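Below is one structure, written out as structure tokens; the observations come after it.
The values are calculated or read from the model by the stated rules, or taken from the named source; none is laboratory data. The structure presented is a predicted model; accordingly, all values stated were derived computationally and were not measured. Neighbour counts are summed over all protein chains in view; Cβ atoms, including those assigned to glycine, are modelled from backbone coordinates with ideal geometry.
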């Protein structure tokens, strides 16, 4: 006899056997109900832990995005500083090339002529005062030309010092114009 039929008999009878019906109902339906309760509890636990994990992931993602923005801002500042310093180095390099040209042409040429005249005076043993005076006059002119070239270079360096920043070398602390 099925549980449904027994329930109909129970309703139709004057003195129902409730204990019998409850025992069979519990024995058939209780495991299913218990299984559904366990499934619902485990789903609830899973959803609660998933929500907590999702909140934690979202929080970490927000922190990561903020850190990424900060790193990008720092990179932009560093790129700007690098471009500025690179431009300064190109400018300083060009100035050094100009100074090297000045030194090699305007200063070395008179110095070489002075050294040549000195050699001639030393090795020729001039007996004539006019020849010696001529040689000393030429030597004096070359020395004056050298002094003028040095003064010109010094003025250019001072002008550059006023127009550009003065740097100190990290090891010696001495100053040079960049």
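Annotations for the structure displayed:
- Annotation: of all residues in region 117-136 being loosely packed, with under 11 Cβ neighbours inside 10 Å and in a helix (DSSP H, G or I), the one that is modelled with the lowest pLDDT is 122.
- Here region 67-116 is the region considered, the condition is being over 28 Å from the mean Cα position of the chain (by Cα) and farther than 24 Å from residue 157 by Cβ, and the residue that is surrounded by the most Cβ atoms within 10 Å (Cβ to Cβ) is 116.
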